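Novice: Dropping the structure in here first, questions after.
The values are calculated or read from the model by the stated rules, or taken from the named source; none is laboratory data. Please read all numbers here as calculations on a predicted model, not as lab measurements. Note: ideal-geometry Cβ built from the backbone for every residue, glycine included; neighbour counts use all protein chains shown.
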Amino acid sequence: MFKLLKNLTKKEIIYAIICITLVTVHVWLELKVPDYMSGITQLVQTEGSKMSQILEQGAYMLGCALLSLICNIVVGYFATRVASSFSATLRRKIFEKVQMMGTQEIKKFSTSSLITRTTNDVTQVEMVIGMGLQGMVKAPVMAISAVMKILNKGFEWSILVACCVSVLLFVVATLTIIVMPRFKIVQKLIDNINGVTRENLSGIRVIRAFNAEKYQTKKFGKVNDKLTGMQLFNQRCFSIMDPAMYLVMHALTLGIYVIGAVLIQEAGLPDKITLFSNMVVFSSYGMHVIMSFLMLSMIFMMIPRAQISANRINEVLVEEISVVDGCFNGDTKEEGTVEFKNVSFKYPGADEYVLKDISFKVNKGETIAFIGSTGSGKSTLINLIPRFYDVTDGEVLVDGVNVGEYKQEALFNKLGYVPQKAVMFTGTISENVSYGDNGKGKITDEKIKEAIKVAQGKDFVEKMDNKYESHIARGGTNVSGGQKQRLAIARAIAREPEIYIFDDSFSALDYKTDAVLRKELRKYTKNATCMIVAQRIGTIINADKIVVLNEGECVGIGTHKELLKKCDVYKEIALSQLSKEELENA
């Protein structure tokens, strides 16, 4: 928790200091009230006392109570400001850190866990800070001040208060030891329930198509029951707290009056008034001590869970990023070149290499394609260029410079990347196509229309109600797979990059649209480098170079005709899709 508090801003620290100061003033004012009560008691019992003296003491008492109320309201305001502002800072820092993370870190934490850490975990910390600035400061200050006030009021009463406080501390400590480890499990179970819910929502079509609603309900029920069971256990443990607190509090009140009655009965007449006054004061201060511990107990119920949440948040914030930003700004002598030099790669923690000793170079204006069986490493290879992962051995050069030396922003501005799975964001078609920053200024409406036209999306876009301003739902659920793919291609085209990367980006298109799109794309990108991962021979048949991968190794590089003659793997793939006559006439 203390590590997280380093993220407090100067403004939040100032507000926190104001809270602590006002809490101290509030406690002092509240503890003055019993003193005035004691004075009024003595005046009432003393012969010759004037009403004006009693009213004066009463006025002081009311003044203290009013000022105490004002302090309490101001403390509540500033405590809420600090808690809400700090939680906003934490969420922003977590989000920024996740934005910096590579694929490796995202997989390590999992998407559902990162969502939980950004929402539920931050909320737990926020609640403790909001209550802590009031209760955690107020309770000990009040308890210590009250104890100091009553130390010389009666030995017997002091012993009684000490016994009651010891019982309370024992109950709080025992419950904390029992429940603390289980809160870590609770947060992990929230991760699980979040993951199952996301899976259910994202796969709703498949679930319905396979009549798997009952199966998914049982799956959700299992994780939900685990979370419910753990929470019930924790809450049952904490349910002991309130009755224990109130039992001790009422026992203390009864004990004070019983001891007071005995002491007053045995005392002489002159001491009876003093003892009675002390009993009234002790009763009030004793309640303050117990209420302080009652307040602390409520916070202690929240602290274990907040501590676990704080640790989980801190894990994200201190996580080392595997893909470290370079310092090169992107000004190079070469343009549009990509070179792999003896590149090998294996995933973090894996024993076997996914790619082994890959070498090739593609120059400006050329098209290079990658083909191979499923799992041969095509997408992995292409993902090394934008540094979704860093190479294990060898190096990847863009425009003659190792990609690891680039500032990531400068590297991405050279690339137009279209992933395997087309990603659409909530917004309009224009906003999706002009998405991001290309380092060349705002993408104009004319450029958006031109990019959509080249990507063969003009027909379906202009048939929509609002055309280029038509709404796209999150994930593009209101357009077809082929339409999403064409809009994703248009997004890359609108950036006007040096290098286009198409990671199996034509798979959802029919053969006719695929052929027309590639023809138009070739004209439009004649001065740029194209890198295409594909399963269809027809998609890459006219590429300047084709790299054939098999089990992570390069088994052939050349043109379509060259590979048909010298590469058995390529020939086998080609014959599985096209006839011998079609291949010879291509």
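Novice: Is there a residue in region 531-538 that is in a loop (DSSP other than H, G, I, E, B), in contact with an Asp or Glu (Cβ under 8 Å, 6 or more places away or on another chain), polar (S, T, N, Q) and touching a residue at least 60 places away in the same chain (Cβ under 8 Å)?
Specialist: yes
Novice: Out of E315, E335, report the one residue that is farther than 30 Å from M142 by Cβ, assigned to a loop (DSSP other than H, G, I, E, B) and charged (D, E, K, R).
Specialist: When all the criteria are applied, what remains is E335.
Novice: While we're on this one: Quick test of your reading of the structure: I546 fulfils all but one of (1) touching a Leu at 6+ places or on another chain (Cβ under 7 Å); (2) under 22 Å from M424 (Cβ atoms); (3) in a strand (DSSP E or B). Name the failing condition by number.
Specialist: (2)
Novice: Among K453, K523, which is the only one that is at pLDDT below 85, surrounded by fewer than 18 Cβ atoms within 10 Å (Cβ to Cβ) and on the phi < 0 side of the Ramachandran plot?
Specialist: Of the residues listed, the single one that is at pLDDT below 85, surrounded by fewer than 18 Cβ atoms within 10 Å (Cβ to Cβ) and on the phi < 0 side of the Ramachandran plot is K523.
Novice: I've got another one for you. Counting only residues that are in contact (Cβ under 8 Å) with a residue 60 or more places away in the chain and not in a loop (DSSP other than H, G, I, E, B), which one in region 235-248 is farthest from S284 (Cα to Cα)?
Specialist: C237
Novice: Could you tell me whether L66 is under 19 Å from M142 (Cβ atoms) and without any contact (Cβ under 8 Å) to a residue 24 or more places away in the chain?
Specialist: It is true that L66 is under 19 Å from M142 (Cβ atoms) and without any contact (Cβ under 8 Å) to a residue 24 or more places away in the chain.
Novice: Hey, F425 hits all of (1) touching an Asp or Glu at 6+ places or on another chain (Cβ under 9 Å); (2) surrounded by fewer than 17 Cβ atoms within 10 Å (Cβ to Cβ); (3) more than 27 Å from E469 (Cβ to Cβ) but one; which does it fall short on?
Specialist: Tallying (1) touching an Asp or Glu at 6+ places or on another chain (Cβ under 9 Å); (2) surrounded by fewer than 17 Cβ atoms within 10 Å (Cβ to Cβ); (3) more than 27 Å from E469 (Cβ to Cβ), F425 fails exactly one: (3).
Novice: For region 546-558, check the following and say yes or no: at least one residue is surrounded by 23 or more Cβ atoms within 10 Å (Cβ to Cβ) and over 25 Å from F345 (Cα atoms).
Specialist: Checking region 546-558: not a single residue is surrounded by 23 or more Cβ atoms within 10 Å (Cβ to Cβ) and over 25 Å from F345 (Cα atoms).
Novice: Which one of F109, F78 is buried (at least 16 other Cβ atoms within 10 Å of the Cβ), of a type in the set (F, W, Y) and over 30 Å from K407 (Cβ atoms)?
Specialist: So the residue among F109, F78 that is buried (at least 16 other Cβ atoms within 10 Å of the Cβ), of a type in the set (F, W, Y) and over 30 Å from K407 (Cβ atoms) is F78.
Novice: With I54, I94, I106 as the choices, which residue is closer than 24 Å to E409 by Cβ, among the β-branched types (V, I, T), at pLDDT below 85 and not in a loop (DSSP other than H, G, I, E, B)? Lay out the reasoning, then the answer.
Specialist: On the way: I54 fails: closer than 24 Å to E409 by Cβ; I94 fails: at pLDDT below 85.
That would be I106, the only listed residue that is closer than 24 Å to E409 by Cβ, among the β-branched types (V, I, T), at pLDDT below 85 and not in a loop (DSSP other than H, G, I, E, B).
Novice: Among the candidates T89, T116, T80, which residue alone is assigned to a helix (DSSP H, G or I), over 17 Å from the mean Cα position of the chain (by Cα) and touching a residue at least 12 places away in the same chain (Cβ under 8 Å)? Can you show your working first?
Specialist: Working: T89 fails: over 17 Å from the mean Cα position of the chain (by Cα); T116 fails: over 17 Å from the mean Cα position of the chain (by Cα).
That would be T80, the only listed residue that is assigned to a helix (DSSP H, G or I), over 17 Å from the mean Cα position of the chain (by Cα) and touching a residue at least 12 places away in the same chain (Cβ under 8 Å).
Quick grid of which residues meet (1) in contact with a Phe, Trp or Tyr (Cβ under 6 Å, 6 or more places away or on another chain); (2) surrounded by fewer than 19 Cβ atoms within 10 Å (Cβ to Cβ); (3) assigned to a helix (DSSP H, G or I):
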residue: P497; (1), (2), (3): no, no, no
residue: S505; (1), (2), (3): no, no, no
residue: A508; (1), (2), (3): no, yes, no
residue: K512; (1), (2), (3): no, yes, yes
residue: A515; (1), (2), (3): no, yes, yes
residue: N527; (1), (2), (3): no, yes, no
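Novice: Restricting to region 81-106, and then to whatever is within 17 Å of A310 (Cα to Cα) and among the hydrophobic types (A, V, I, L, M, F, W, C), can you tell me which residue is surrounded by the most Cβ atoms within 10 Å (Cβ to Cβ)?
Specialist: Here the answer is V82.
Novice: For A306, which of the numbered conditions (1) in a loop (DSSP other than H, G, I, E, B); (2) of a type in the set (A, V, I, L, M, F, W, C); (3) more than 28 Å from G538 (Cα to Cα) fails to hold?
Specialist: (1)
Novice: Name the residues in region 201-220 that are modelled with pLDDT of 85 or more and within 26 Å of the chain's Cα centre (by Cα), would you?
Specialist: Q216, K219, F220
Novice: Something else now. Step by step: first the residues of region 405-414, then only those that are buried (at least 18 other Cβ atoms within 10 Å of the Cβ) and of a type outside the set (S, T, N, Q), then the one that is farthest from V354 (Cα to Cα). Which residue is that?
Specialist: A410
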